[in-house]
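Taking it in order: structure first as structure tokens, then the write-up.
The values are calculated or read from the model by the stated rules, or taken from the named source; none is laboratory data. The structure displayed is predicted, hence computed values, not measured ones. Counting neighbours? That spans all protein chains shown, and the Cβs are built from the backbone with ideal geometry, glycine included. What goes into the accessible areas is simple: the full protein's heavy atoms, side chains included, and nothing from ligands, DNA or RNA. Shrake-Rupley method; radii C 1.70, N 1.55, O 1.52, S 1.80 Å.
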Amino acid sequence: MGQSAPKGDTMALDPAWHGRPPESAAWAIETLHDGRLRMTIRHAPLRGVAPVMLDWWFRNIGGTMHWQGQVVPRYLVWHPRDHIHWALVRPASDGTVGPGAVFRIVEAFQANPRYKVDVQDRVLTLDTTGITLEGRRAGLRFTLLSHRFTDLGGATQYDSVLEVGASAPGVARPINRVVLPRLFAHDMGRAWIAHNIEEVGQFEVFLPALFASADK
């Protein structure tokens, strides 16, 4: 936290860009028994996108691509308004972008500075069935983000679950009661839901062509 994004990255590749609307997905936000927030999204199917493309994307998210007459970071194309910067902080033990790797993610949900995050998340799982990312604070798991991919034949069902808050037995409730209203309240959760629906829908726009043209 607290680092600045490199000057070469910009917050809004296209400030007027809009992706899928929230009503295109089935979503919910709830408070768990220990005070954590859980946000779930069942996205509309991604037409023309296969799970193998999504696995490749998360392993190659750090590259560049041609977009609207420019060569730009792929991460900015994924959400042209909210994304600011992505970096591989540490590769996996085998040198790849896979389980064990650490991502730095900088973005502002709905392009709102109040909803800006600058985090380092560790990849727990990554394959053609999905990706799971974990963020920790003060030695405790604070975020757990899971995206699941299901092959529909010519499309992919993409389901997301984000849990925010300390999950340590015995101390989670008092920690979350104090910390979550300041760091990730319900309004930020709703902003994340809208953001995630927009970026996932964007896969239909650019990923099939990018995957087809990439060296694998």
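Could you list all residues from the stretch 61-84 that are among the hydroxyl-bearing types (Ser, Thr, Tyr) and open to solvent by less than 20 Å² (accessible area, probe 1.4 Å)?
Residues of the stretch 61-84 that are among the hydroxyl-bearing types (Ser, Thr, Tyr), as a first pass: 64, 75.
The one that is among the hydroxyl-bearing types (Ser, Thr, Tyr) and open to solvent by less than 20 Å² (accessible area, probe 1.4 Å): TYR75.
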Legend entry - Hey, TRP27 part of a strand (DSSP E or B), touching a helix residue (DSSP H, G or I) at 6+ places or on another chain (Cβ under 8 Å), open to solvent by 70 Å² or more (accessible area, probe 1.4 Å) and not charged (D, E, K, R) or not: yes
Legend entry - GLY19, sole failed condition from (1) exposed (fewer than 14 other Cβ atoms within 10 Å of the Cβ); (2) outside any helix (DSSP H, G or I): (1)
Legend entry - Residues that are out of contact with any His (no Cβ under 6 Å at 6 or more places or on another chain), touching a residue at least 24 places away in the same chain (Cβ under 8 Å) and under 17 Å from ILE193 (Cα atoms), drawn from the stretch 65-115: TRP78, HIS79, PRO80, ARG81, HIS83, ALA108, GLN110, ALA111, ASN112, ARG114, TYR115
Inset, instruction - Would you mind finding the one in ARG141, ARG114, ARG177 that is assigned to a strand (DSSP E or B) and open to solvent by 10 Å² or more (accessible area, probe 1.4 Å)? - result: ARG141
Inset, instruction - State yes or no: is THR125 surrounded by fewer than 17 Cβ atoms within 10 Å (Cβ to Cβ), touching a helix residue (DSSP H, G or I) at 6+ places or on another chain (Cβ under 8 Å) and assigned to a strand (DSSP E or B)? - result: no
Legend entry - Number of positions in the stretch 41-60 that are crowded, with 17+ Cβ neighbours inside 10 Å and β-branched (Val, Ile, Thr): 2
Legend entry - Subset of the stretch 180-198 (residues that are open to solvent by less than 10 Å² (accessible area, probe 1.4 Å) and either hydroxyl-bearing (Ser, Thr, Tyr) or touching a Pro at 6+ places or on another chain (Cβ under 8 Å) (or both)): ILE193, ILE197
Legend entry - Residue that is modelled with the lowest pLDDT, among those in the stretch 157-198 that are among the polar types (S, T, N, Q) and over 30 Å from VAL71 (Cβ atoms): SER167
Inset, instruction - Provide a single number: the residues in the stretch 30-40 that are of a type outside the set (Gly, Ala, Ser) and surrounded by 16 or more Cβ atoms within 10 Å (Cβ to Cβ). - result: 6
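Select, from GLY154, GLY201, the only residue that is modelled with pLDDT of 95 or more, buried (at least 17 other Cβ atoms within 10 Å of the Cβ), of a type in the set (Gly, Ala, Ser) and over 23 Å from LEU88 (Cβ atoms). Steps first, please.
Working: GLY154 fails: buried (at least 17 other Cβ atoms within 10 Å of the Cβ).
It is GLY201.
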